[in-house]
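Inspection log for the structure reproduced underneath, given as structure tokens.
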Amino acid sequence: TSGHGIDFSATSNVSGASEVLDDYETGSWTIDGDTPNFNGFGSVSCYYTKVGRVVNVTGKAICLTNSSSTNFYVKDFPYAAATNALIPLSVGVSQADDGLFINLGPGETTGYLRNASQGLLQYGQLSNQQFFFTGSYVTNA
């Protein structure tokens, strides 16, 4: 129907789940790590595509020189997560799997950086490091 999204149904008598794509959005955002003794990010580029309730995110940033022992978190994801989400993360010049991820909790737009074997990472551990992330999560928005 005009003005209501893209209809993927083969017939007009569909029952059950909707076959209309009525929510699609793309954009960019700036991540933030606002915390004491943290000098910020350099060269940030983060993008998202939302299709229905699924948010696909990708980004890279450089953690500037710092010595903070505060747990490393990234604020301002474009949508709050519906459930616990683990977004793969790599640090350094390659995008290899380093066993790192951003843990975005239910109802949250802030994710904490974690290591599968060591737990939460601190800002000082990524001083002068470039990091990359790409993944998907579900939102209720």
Going by the conditions given, is F101 among the hydrophobic types (A, V, I, L, M, F, W, C), within 23 Å of Y47 (Cα to Cα) and in a strand (DSSP E or B)? yes
Among C46, C63, which is modelled with pLDDT of 85 or more and open to solvent by less than 40 Å² (accessible area, probe 1.4 Å)? C46
Check F72, F131, F101 and return the single one that is touching a Ser or Thr at 6+ places or on another chain (Cβ under 7 Å) and surrounded by 19 or more Cβ atoms within 10 Å (Cβ to Cβ). F131
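The values are calculated or read from the model by the stated rules, or taken from the named source; none is laboratory data. Note that the structure is a prediction, hence the values are computed from the model and not measured. Here Cβ is always computed from backbone atoms with ideal geometry, including for glycine, and neighbour counts include all displayed protein chains. All accessible areas refer to the heavy atoms of the entire protein, side chains included, with ligands and DNA or RNA removed. Shrake-Rupley method; radii C 1.70, N 1.55, O 1.52, S 1.80 Å.
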